[in-house]
1. Among the residues of segment 119-147, count how many are in contact (Cβ under 8 Å) with a residue 40 or more places away in the chain, farther than 16 Å from SER42 by Cβ and assigned to a strand (DSSP E or B).
2. Any residue that is modelled with pLDDT of 90 or more, in contact with a Cys (Cβ under 7 Å, 6 or more places away or on another chain) and closer than 13 Å to LEU125 by Cβ - is there at least one of those in segment 70-82?
3. Just for segment 110-145: of the residues that are charged (D, E, K, R) and surrounded by 11 or more Cβ atoms within 10 Å (Cβ to Cβ), which one is farthest from the chain's Cα centre (by Cα)?
4. Conditions: (1) more than 27 Å from THR36 (Cα to Cα); (2) touching a strand residue (DSSP E or B) at 6+ places or on another chain (Cβ under 8 Å); (3) at pLDDT below 85. ASN85 meets all but one. Number of the miss?
5. Anything in segment 52-63 that is crowded, with 16+ Cβ neighbours inside 10 Å and either without any contact (Cβ under 8 Å) to a residue 24 or more places away in the chain or touching a Leu at 6+ places or on another chain (Cβ under 7 Å) (or both)? List them, or say none.
Amino acid sequence: MLVARRNNDLMSTMFNELLDWNRWNGLCSTEEQSMTPKMNVSESEKDYRLEVCIPGMKKEDLNLSVDTDNNLVIEMQHKDEKKENDEKRHFLRKEFSQMQFKQMLTLPENVKRDQIGAKVENGVLTITLPKYTTEEQKQLAQTIAIE
């Protein structure tokens, strides 16, 4: 699975050095860094599998789609639920807040887009991306008749 396509020419190398996200991430607050979920990507003969760590999230907080550019779009939005206020109690410190995240991953050509599946279990979002077999890919090839 391609997370990003790389081009090894001089200009892209210069831009990559300028936009070195690992260096700039050090300038982000730890709160911003902690809101980026960790992800595992694995591959087998029949599928790709993404595992995204999303503790405390429910499936209602998630949105998955494939856009017109063949990108898998993973979006999460979690809002702190307002609790009833006790007039005798007020917050001295409140750290629960809204959390938002959006990630786009370029899908390989051999993914069966109509059979992508996802489930949330024990704080992990698992996305399964089935692959076309070599024979299925050959069947998808199309010959155009010339008149």
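The values are calculated or read from the model by the stated rules, or taken from the named source; none is laboratory data. Just so you know, these numbers come straight off a predicted model, no measurement behind them. Here the Cβ is made from the backbone with ideal geometry for all residues, glycine too, and neighbour counts use every protein chain on show.
1. Residues that pass the stated criteria total 1.
2. Just the residues of segment 70-82 that are modelled with pLDDT of 90 or more, to begin with: 70-76.
From the residues that got through so far, the ones that are in contact with a Cys (Cβ under 7 Å, 6 or more places away or on another chain) too are none.
Taking every residue of segment 70-82 in turn, none turns out to be modelled with pLDDT of 90 or more, in contact with a Cys (Cβ under 7 Å, 6 or more places away or on another chain) and closer than 13 Å to LEU125 by Cβ.
3. GLU136
4. It is condition (2) that ASN85 fails.
5. Initial filter on segment 52-63 (crowded, with 16+ Cβ neighbours inside 10 Å): 52, 54, 57, 61-62.
Within segment 52-63, VAL52, ILE54, ASP61, LEU62 qualify.
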